[in-house]
Amino acid sequence: MKWSQLADQQCSVARSVSVIGDRWTLMILRDCFLGIRRFDDFERRLRISRSIIADRLKHLVDEGVLRRDEYQQNPVRHEYRLTDKGLSLHPVIMAIVHWGDTHYAGEQGPPLLHRHRACGCDFHPVLICSECGDPVGARDVEVRTGPGGV
């Protein structure tokens with residue numbers, strides 16, 4: 001299967017990967033959640049070519065994950081902000097962060113901590129059942145064909 005065909009698959013993972021599955025796209029999204037908004041700041045942090053950044057930002061804007069807002073007129077400059085669709089990727093990014101912290105943090109621990117503003121405590125993301133509130137792990141899930149399945 002070609003990369004360009006992922007969006008046409010009848011699979012939510014394939015469709016999602018067609019939007020956010022590129023390594024630089026994930027790094028841009030990481031930076032967006034860290035408050036980075038401007039092209040030059042993405043370039044400074046990522047140290048990759050301007051064309052790669054421009055391509056990934058355009059794709060995220062076209063997909064409705066980011067919006068492009070003008071913040072200066074002469075010369076015209078834009079910043080990139082997460083849309084509601086983009087903000088809904090927060091659990092995905094947090095799951096990747098948690099996995100990296102668990103398996104790849106150095107002896108000193110994770111490079112960043114995440115504090116819940118409401119209670120003031122540092123936390124680790126936990127997947128819970130939307131119906132009963134119990135934690136859900138891989139072995140707790142059974143998969144069935146849904147209404148959009150074949």
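The values are calculated or read from the model by the stated rules, or taken from the named source; none is laboratory data. Remember, it's a predicted structure, so these values are computed and weren't measured experimentally. Cβ atoms come from the backbone with ideal geometry, glycine included; neighbour counts cover every protein chain shown. SASA here: full protein model, heavy atoms, side chains in, ligands and nucleic acids out. Shrake-Rupley method; radii C 1.70, N 1.55, O 1.52, S 1.80 Å.
Laid out as a table, the results:
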{"quantity": "In region 53-66, the residues that are over 13 Å from Ile28 (Cβ atoms) and either in contact with a helix residue (DSSP H, G or I) (Cβ under 7 Å, 6 or more places away or on another chain) or buried (at least 16 other Cβ atoms within 10 Å of the Cβ) (or both)", "calculated": "Gly64"}
{"quantity": "Test: residue in region 78-86 that is of a type in the set (A, V, I, L, M) and surrounded by fewer than 16 Cβ atoms within 10 Å (Cβ to Cβ)", "calculated": "no"}
{"quantity": "Some residue of region 100-123 being free of Cβ contacts under 8 Å to residues at least 40 places away in the same chain, part of a loop (DSSP other than H, G, I, E, B), exposed (fewer than 11 other Cβ atoms within 10 Å of the Cβ) and of a type in the set (Gly, Ala, Ser)", "calculated": "yes"}
{"quantity": "Flag if Ile48 is within 12 Å of Ile28 (Cα to Cα), in a loop (DSSP other than H, G, I, E, B) and more than 14 Å from the chain's Cα centre (by Cα)", "calculated": "yes"}
{"quantity": "Which listed residue is more than 23 Å from His114 (Cβ to Cβ) and of a type in the set (A, V, I, L, M, F, W, C), from Cys11, Cys32", "calculated": "Cys11"}
{"quantity": "Check on Gln5, assigned to a loop (DSSP other than H, G, I, E, B) and at pLDDT below 95", "calculated": "no"}
{"quantity": "Residues satisfying the stated conditions in region 61-89, i.e. of a type in the set (A, V, I, L, M), modelled with pLDDT of 95 or more and out of contact with any Ser or Thr (no Cβ under 8 Å at 6 or more places or on another chain)", "calculated": "Val61, Leu82, Leu87, Leu89"}
{"quantity": "Filter result for Asp22 (open to solvent by less than 40 Å² (accessible area, probe 1.4 Å) and under 26 Å from Leu113 (Cβ atoms))", "calculated": "no"}
{"quantity": "Subset of region 128-150 (residues that are touching a strand residue (DSSP E or B) at 6+ places or on another chain (Cβ under 7 Å) and either part of a loop (DSSP other than H, G, I, E, B) or in contact (Cβ under 8 Å) with a residue 40 or more places away in the chain (or both))", "calculated": "Asp134, Val136"}
